[in-house]
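The values are calculated or read from the model by the stated rules, or taken from the named source; none is laboratory data. Bear in mind the structure is a predicted one, so any value in this text is a computation, not a measurement. Cβ coordinates were reconstructed from backbone atoms using ideal geometry, including for glycine residues, and neighbour counts include every protein chain displayed. Accessible surface areas use protein heavy atoms only, side chains included; no ligands, DNA or RNA. Shrake-Rupley method; radii C 1.70, N 1.55, O 1.52, S 1.80 Å.
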Amino acid sequence: MSDSVAINVTGMKCGGCENSLNTKLSALKGVLAVKASHLDKRVDVEFDSAQLDVEDIEDAIIEAGFKVE
Ligand SMILES: [Cu+2]
């Protein structure tokens, strides 16, 4: 089932940071769409809640070197 979440993320400073986070999260199984914004300090994620949950996404964000608020 498709679900969506907006996660507050700090540490993104430019479009390059957005791209690396987009790439990292898009690679997760079950992630359908990602939109990271360093200006909004936020990442919007659509995902299949049967395959992963919000914690898995947050873990990947932290692994990518950013901070979940
Ligand atoms: Cu950057």
Identify the residue in region 1-25 that is more than 16 Å from the ligand (Cβ to nearest atom), under 12 Å from the mean Cα position of the chain (by Cα) and not small (Gly, Ala, Ser) and, among all such residues, is most open to solvent (accessible area, probe 1.4 Å).
Asn8
If we ask which residues in region 11-25 are within 16 Å of Glu63 (Cα to Cα) and outside any helix (DSSP H, G or I), their number turns out to be 2
Ser4 vs. criteria among the hydroxyl-bearing types (Ser, Thr, Tyr), assigned to a strand (DSSP E or B) and under 18 Å from Val68 (Cα atoms)
yes
Test set (1) free of Cβ contacts under 8 Å to residues at least 40 places away in the same chain; (2) within 16 Å of the ligand (Cβ to nearest atom) - Ile62 fails condition number:
(2)
Starting from residues that are assigned to a strand (DSSP E or B) and open to solvent by 80 Å² or more (accessible area, probe 1.4 Å), keep the ones in region 26-69 and report whichever is farthest from Gly11 (Cα to Cα).
Leu32
